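Quick notes on the structure that follows.
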Amino acid sequence: MVYIWEPGVNKVREEILSALRDAGGVVSGQRLCEDFGVSRAAISKHVRELRKLGYEIESVPRLGHRLVSSTDLPIEIEVSRYLKTSTIGRHYVFEKEMPSTNSFLGNLAVSKCHDGMVVVADRQTGGRGRMQRTWHSPAGVNLYFSVLLQPPKSPSEIPELALVAAWAVVRAMNAVAPTVDAGVKWPNDVLVGGLKLAGILCEMQAETDVIHKVILGIGLNVNLTRKQVPADLRRRATSLRMETGDVLSRPRVMGEILNSLEKGYRRWLKDGLGSFLPELEERSVLTGKKVRVKTFGKRIEGVVAGMSADGGLVLKEGRKKRTVYSGEVTLVRPRAG
Ligand code: BTN
């Protein structure tokens, strides 16, 4: 079953929810009927639908309805309570389940795309990572979303956006979970203590000189517990809950990321990636580390000296400096003895 909350389409439902939230106590069915000009049966139907979305609503016979708790689903009406953006997240699609939010936007006709459109799923059945990997996407615990962007830039600049997104996620983490020491791992990861907290998949549809769509997909482990992590990922993945011991509100975390992403995106359009370098390098988990980069079938080793203003990783090999623009980075551990 798929639930889509389209604002306006479910206007009465939104208004009932606001009325219950504002009242902070029981609201009589009669008052809801009068205020929204609908029958008792319609009110009951809306209340049932809200419950299906995860709102806990108590119905007291002869007295009315009371909102006990809100849903944790990252649906628009919840996320928008935290949103301070002007474009990102202002067109919003939520589905309980879909194969992949990146694929959804990839398949969407360009005529139906809006700059800043966000697609979110509570669960992905075919979540994708870089290098054709899968992205573990169970229901009810994490965030899986994609943002559609149409920047007036050249296609060659687009990989920089993965770093802008990583910067935005780290900044949002400082707001929602300040004790979590999140860092950026070039080119697209957010790590905590060497374990993966979030991954970014930046895809593009373009001609040589015109961009049709950039799809920035973000997967963030929010309330995932250690037990829910598949055995083969247990030594590599973490979540905000595993790091803090707290269950966080997914709508709030999502809102903070979208706010931070819009700030970063605007800055990138105006000042370029160069303006992020001091912060990115400060938050980089690779700076000063000896690494091996697998890039286009070659293996390059060196000590990470920083990042370049066009999104590359700068390696020092003896006295030589070399910049790589894509690849898989692993730390080279010094041999014992
Ligand atoms: C990686 O670390 O390799 C990138 C992972 C990106 C996962 C996100 S989840 C939302 C969006 N939809 C997908 O299928 N993938 C991205």
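For region 114-124, enumerate the residues that are part of a loop (DSSP other than H, G, I, E, B) and buried (at least 18 other Cβ atoms within 10 Å of the Cβ).
Listed by number, the residues that qualify are G116, M117.
Could you look through region 22-31, keep only residues that are in contact with a strand residue (DSSP E or B) (Cβ under 6 Å, 6 or more places away or on another chain) and not in a loop (DSSP other than H, G, I, E, B), and pick out the one that is surrounded by the fewest Cβ atoms within 10 Å (Cβ to Cβ)?
Selected residue: G29.
Just to be sure I understand the filter: pairs with C-beta atoms under 8 Å, separated by 6 or more residues or on different chains, first member in region 13-36 and under 15 Å from E56 (Cβ atoms), second member β-branched (V, I, T) and not in a helix (DSSP H, G or I). Which pairs pass?
Within 8 Å, the pairs are L20/V27; L20/I57; V26/V60.
What are the residues in region 67-98 that are of a type in the set (D, E, K, R) and either part of a loop (DSSP other than H, G, I, E, B) or touching a helix residue (DSSP H, G or I) at 6+ places or on another chain (Cβ under 7 Å) (or both), if any?
Once the filter is applied, which keeps residues that are of a type in the set (D, E, K, R) and either part of a loop (DSSP other than H, G, I, E, B) or touching a helix residue (DSSP H, G or I) at 6+ places or on another chain (Cβ under 7 Å) (or both), region 67-98 yields D72, E78, R81, K84, R90.
Quick one: how many residues across region 278-332 are closer than 29 Å to R171 by Cα and part of a loop (DSSP other than H, G, I, E, B)?
14
Output the number of residues of region 126-153 satisfying the condition of being more than 26 Å from R252 (Cβ to Cβ), more than 8 Å from the ligand (Cβ to nearest atom) and in contact (Cβ under 8 Å) with a residue 24 or more places away in the chain.
4
Among what's in region 63-122 and is hydroxyl-bearing (S, T, Y) and within 16 Å of the ligand (Cβ to nearest atom), pick the residue that is nearest to Y265 (Cα to Cα).
Y92
Looking at I88, I43, can you tell me which residue is in contact with a Leu (Cβ under 6 Å, 6 or more places away or on another chain), surrounded by 15 or more Cβ atoms within 10 Å (Cβ to Cβ) and over 20 Å from S260 (Cα atoms)?
I43
This table checks each residue for (1) in contact with a Gly (Cβ under 9 Å, 6 or more places away or on another chain); (2) farther than 17 Å from S146 by Cα.
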position: L32; (1), (2): yes, yes
position: R40; (1), (2): yes, yes
position: L73; (1), (2): yes, no
position: T85; (1), (2): yes, no
position: V93; (1), (2): no, no
position: S100; (1), (2): yes, no
position: G106; (1), (2): no, no
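Cβ contacts < 8 Å: first residue under 21 Å from G217 (Cα atoms) and more than 15 Å from the ligand (Cβ to nearest atom), restricted to region 169-198; second residue part of a loop (DSSP other than H, G, I, E, B) and modelled with pLDDT of 95 or more, any location; separation 6+ or different chain. Result?
M173/V180; V176/L248
Let's see how each residue does on (1) within 20 Å of F104 (Cβ to Cβ); (2) out of contact with any Phe, Trp or Tyr (no Cβ under 6 Å at 6 or more places or on another chain); (3) modelled with pLDDT under 95; (4) surrounded by fewer than 23 Cβ atoms within 10 Å (Cβ to Cβ):
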position: G140; (1), (2), (3), (4): yes, yes, no, yes
position: I158; (1), (2), (3), (4): yes, yes, no, yes
position: R171; (1), (2), (3), (4): no, yes, no, yes
position: V176; (1), (2), (3), (4): no, yes, no, yes
position: V190; (1), (2), (3), (4): no, yes, no, no
position: G193; (1), (2), (3), (4): no, yes, no, yes
position: E203; (1), (2), (3), (4): yes, yes, no, yes
position: D209; (1), (2), (3), (4): no, yes, yes, yes
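Does region 225-233 contain any residue that is surrounded by 14 or more Cβ atoms within 10 Å (Cβ to Cβ), under 18 Å from the mean Cα position of the chain (by Cα) and in the same structural domain as G129 (by TED's automatic domain parsing)?
no
Given the conditions (1) in contact with a strand residue (DSSP E or B) (Cβ under 6 Å, 6 or more places away or on another chain); (2) crowded, with 21+ Cβ neighbours inside 10 Å, which single one is not true for L163?
For L163, the failing item is (1).
Inside region 284-328, can you point out the residues that are of a type in the set (A, V, I, L, M), in contact with a strand residue (DSSP E or B) (Cβ under 7 Å, 6 or more places away or on another chain) and within 18 Å of L161 (Cα to Cα)?
Those that are of a type in the set (A, V, I, L, M), in contact with a strand residue (DSSP E or B) (Cβ under 7 Å, 6 or more places away or on another chain) and within 18 Å of L161 (Cα to Cα): M307, L313, V314, V324.
The values are calculated or read from the model by the stated rules, or taken from the named source; none is laboratory data. Small disclaimer: the values here were computed from a predicted structure and weren't measured. Cβ atoms come from the backbone with ideal geometry, glycine included; neighbour counts cover every protein chain shown.
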